[in-house]
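What follows is one structure encoded as structure tokens, with my remarks underneath.
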Amino acid sequence: MTKRFLFLRSFLKNPGVIGAVTPSGSSLAELITSDLGPATGTVLELGPGTGIFTEAALKRGVPEKDLILIEYVVDFARILQMRYPQARVLCMDAEQLGTALPPEKRLGAAVSGLPLLNMRGSKIETMLRSIFAHLREGGALYQFTYGITCPIPRHILKRLDLKASLHGRVLRNIPPARVYKITRSNHRPLRDLAR
Ligand SMILES: C[S@@+](CC[C@H](N)C(=O)[O-])C[C@H]1O[C@@H](n2cnc3c(N)ncnc32)[C@H](O)[C@@H]1O
């Protein structure tokens, strides 16, 4: 089964979870992984789907063993584990991320393909708390969206002391997309965010 067909079939079964009819294109994958490299350290990927961002991260030199992939759909998780046997693939809801990552785990970066526009604010906030509780100083979350503004509500960014900046736009994607880079706005102790 091709990746596109599997993706479309999954979308038809559960459109709200998948959030797109087709996997992202290579230009978007290049943009969202553009800050990653061999020295990034552990990279957390949320909602990898059929792995287009995963592949781009590997091409940029992130070692496979440094990848943690969090995917909700079993068929996708199975394919990812087969294709990337050294990566840690967790088939789970990203909302439960806090229980999956050991407290001492420090992430270099996080990349997200999650359809945040389809999610309730409280879920987004819980995920962000877990991500930033584990991201090391200077680490960032890269999130794409088909919208024209950051898909994380402003009041959530403010409550968590985070800021979002436009990392770039990709017209050559169906539909065109933007990538936002989310970072801490000041140096609040990491454990304060875990709650
Ligand atoms: C828009 S697709 C993006 C897939 C891939 N990153 C790409 O760009 O082609 C959204 C992905 O997020 C996954 N997903 C949605 N909600 C999730 C959740 N709560 N936890 C983990 N994965 C989730 C979906 O199964 C799907 O693989």
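The values are calculated or read from the model by the stated rules, or taken from the named source; none is laboratory data. Being a predicted model, the structure only gives us computed values, none of them experimental. Heads up, the Cβs are rebuilt from the backbone with ideal geometry, glycines too, and the neighbour counts pull from every protein chain shown.
At a glance:
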item: Conditions (1) of a type in the set (Val, Ile, Thr); (2) under 17 Å from the mean Cα position of the chain (by Cα); (3) surrounded by fewer than 15 Cβ atoms within 10 Å (Cβ to Cβ): number failed by THR40; result: (3)
item: Qualifying residues in the range 91-101 (those that are buried (at least 20 other Cβ atoms within 10 Å of the Cβ) and of a type outside the set (Gly, Ala, Ser)) - the one farthest from the ligand (Cβ to nearest atom); result: LEU101
item: From the options ALA109, ALA140, residue that is away from the ligand (no atom under 16 Å from the Cβ), aliphatic (A, V, I, L, M), within 15 Å of the chain's Cα centre (by Cα) and not in a loop (DSSP other than H, G, I, E, B); result: ALA140
item: Residue within the range 113-129 that is closer than 27 Å to LEU58 by Cβ, in a strand (DSSP E or B) and at pLDDT 95 or above present; result: no
item: Test: residue in the range 67-75 that is in contact with a Gly (Cβ under 7 Å, 6 or more places away or on another chain), under 30 Å from ARG4 (Cβ atoms) and surrounded by fewer than 17 Cβ atoms within 10 Å (Cβ to Cβ); result: no
item: Scan of the range 57-81 for residues that are more than 10 Å from the ligand (Cβ to nearest atom) and either in a helix (DSSP H, G or I) or β-branched (Val, Ile, Thr) (or both), ordered by number; result: ALA57, LEU58, LYS59, VAL62, GLU64, LYS65, ASP66, ILE68, ARG78, ILE79, GLN81
item: Residue check for ALA20: of a type in the set (Gly, Ala, Ser), more than 10 Å from the ligand (Cβ to nearest atom) and in a loop (DSSP other than H, G, I, E, B); result: no
item: Subset of the range 34-56 (residues that are within 11 Å of the ligand (Cβ to nearest atom), in contact with a strand residue (DSSP E or B) (Cβ under 9 Å, 6 or more places away or on another chain), assigned to a loop (DSSP other than H, G, I, E, B) and at negative phi); result: PRO48
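Rundown of residues vs (1) within 11 Å of the ligand (Cβ to nearest atom); (2) hydrophobic (A, V, I, L, M, F, W, C); (3) surrounded by 15 or more Cβ atoms within 10 Å (Cβ to Cβ), yes/no style:
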{"site": "PRO115", "(1), (2), (3)": "yes, no, yes"}
{"site": "THR126", "(1), (2), (3)": "yes, no, yes"}
{"site": "ARG129", "(1), (2), (3)": "no, no, yes"}
{"site": "PHE132", "(1), (2), (3)": "no, yes, yes"}
{"site": "LEU135", "(1), (2), (3)": "no, yes, yes"}
{"site": "THR145", "(1), (2), (3)": "yes, no, yes"}
{"site": "ILE152", "(1), (2), (3)": "no, yes, yes"}
